[in-house]
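Engineer: Here it is, the structure, as structure tokens.
The values are calculated or read from the model by the stated rules, or taken from the named source; none is laboratory data. Bear in mind the structure is a predicted one, so any value in this text is a computation, not a measurement. Counting neighbours? That spans all protein chains shown, and the Cβs are built from the backbone with ideal geometry, glycine included. When the accessible area is computed, the model is the full protein with side chains, heavy atoms only, and any ligands, DNA or RNA have been set aside. Shrake-Rupley method; radii C 1.70, N 1.55, O 1.52, S 1.80 Å.
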Amino acid sequence: MYKFLGNVRLAIKAILGKKIRSFLTMLGVIIGVFSIVLLIGIGEGVKDEVTGQIEGMGSNIIMIMPGSMGGGPMSSSGSFVPEDLDTIEAVDGVEYVVPMVIVPLPVAITEPVAPSELSQQQLAALTETSAESEGLISQGQQQIVAIGSTHNMEKAFANSEMASGEHSGRIFNEDEYNDASRVATLRSGAVEILFPDTSTEDVIGQTVYIGKKPFTVIGAEKPVDSESFLDGGSMNNMVIVPMSALEGLMDSIDISQFVVTLKDVETVDTVKDDIRLALLETRDGVEDFSITTQEEILGMFDQILSVLTTMLGGIAAISLLVGGIGVMNIMLVSVTERTYEIGLRKAIGASNNDVLIQFLVEAIFLTFLGGTIGVALAFAGATIMDVQFGFAPTINLQTVLLAYSFTAFVGIIFGVAPAIRASKLDPIKALRYE
């Protein structure tokens, strides 16, 4: 123990004696460890975000989408029809069925007009900030998605994280759905785009246009201060309207997917099979759809993200190996510079093993110090990402221990050659070395 502490003191003395060179030597290790810890943390953070959002929907959820996953890549082509909604609702054990209809029409706060109705000057002014769809132009038009569904949407997600945000107003009820009322509920992204600098309370009662049809806003989601990076984009820029109100807007209603809530979580597998058989019966045995449980979705994402995380860690480990080569290089130079010191130690009784351990401890200490700085920088980077982007990489003890283990491995592997060279020096020749 005494010899070990003595070797540590000698290592610290050698590092402090060449501060700039020691720092530059550690730089490769610092970058390598920083990259490993932060990139693995990002991968784990994404996995936690996805898992949390999927689990937040409820453990009694089944997703039904067009396209079959059997025998090859899943096809996303095709869609469901309103009759499929009745078929699924009739299955025993199903509590709510939420269809999702993507409306291929522009959403804006002004009534769109045909280009032929505008003068050339008006047309040029509008098209600078507008998009065209089916020959219609609307001032202030943005990339907002209109989604048609039923009144079951609010009930299906009532106990989930999807309903945990603060709202003004409400989503449409059963009477409004049965009456095909032209009412709409805006998610926070749509509120910010369509009604910037307007409180959600003042948004209620406003009018939005889907295609050329006006819809009255009866609900608006309040923007959140720290939004998850996975909950942005088109998923947040949605306007939800009754599916029954779309009949005058679209030639046919094609349902892109179903979200099914079950009465009992214990019956997930049984109800899944019953839904499959019911849909096959209406399709003459053609399975052009896929049914996925929450457990299967989680397993799929976990597998994909685990592979990506491993790849990210492997790429980062390459930089640590490069840093290890730098450590070996400098340690070989150090052996040459300290030849006289090695000869003197051997002359007063130090064995080959003592010298070998001294230089090996120095190499390991150098990499460990670099590793510690790298871990500290990774935690700092994670904090910055959390503050700036609202996403915190998950850096756990296992990741840190993995980084330190790899650092020790690098220190030993790349420190052995210089240590062996130092231990084999002839003391007589070493003392004569100038």
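Yes or no, residue by residue, for (1) charged (D, E, K, R); (2) open to solvent by less than 80 Å² (accessible area, probe 1.4 Å); (3) under 30 Å from PRO214 (Cα atoms); (4) not in a loop (DSSP other than H, G, I, E, B):
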residue: ILE240; (1), (2), (3), (4): no, yes, yes, yes
residue: GLU266; (1), (2), (3), (4): yes, no, no, yes
residue: ARG276; (1), (2), (3), (4): yes, no, no, yes
residue: THR309; (1), (2), (3), (4): no, yes, no, yes
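Engineer: Under 7 Å between Cβ atoms, at least 6 apart or on separate chains: pull out the pairs that start in the stretch 208-219 with a residue that is closer than 12 Å to LEU186 by Cα and free of Cβ contacts under 8 Å to residues at least 40 places away in the same chain and end on any residue that is surrounded by 16 or more Cβ atoms within 10 Å (Cβ to Cβ) and of a type in the set (Lys, Arg).
Structural biologist: Every condition considered, the pairs that remain are PHE215/ARG182; THR216/ARG182.
Engineer: Further, regarding this structure: If you go through the stretch 184-194, how many residues are surrounded by fewer than 22 Cβ atoms within 10 Å (Cβ to Cβ) and at pLDDT 90 or above? Even if it seems obvious, please write down each step before you answer.
Structural biologist: Kept after step one, since they are surrounded by fewer than 22 Cβ atoms within 10 Å (Cβ to Cβ), are these residues of the stretch 184-194: 192-193.
Remaining after also requiring at pLDDT 90 or above: none.
Qualifying residue count, the stretch 184-194: 0.
Engineer: Just checking, does the stretch 206-220 include any residue being modelled with pLDDT of 90 or more, of a type in the set (Ser, Thr, Tyr) and surrounded by fewer than 16 Cβ atoms within 10 Å (Cβ to Cβ)?
Structural biologist: Yes, the conditions are met somewhere in the stretch 206-220.
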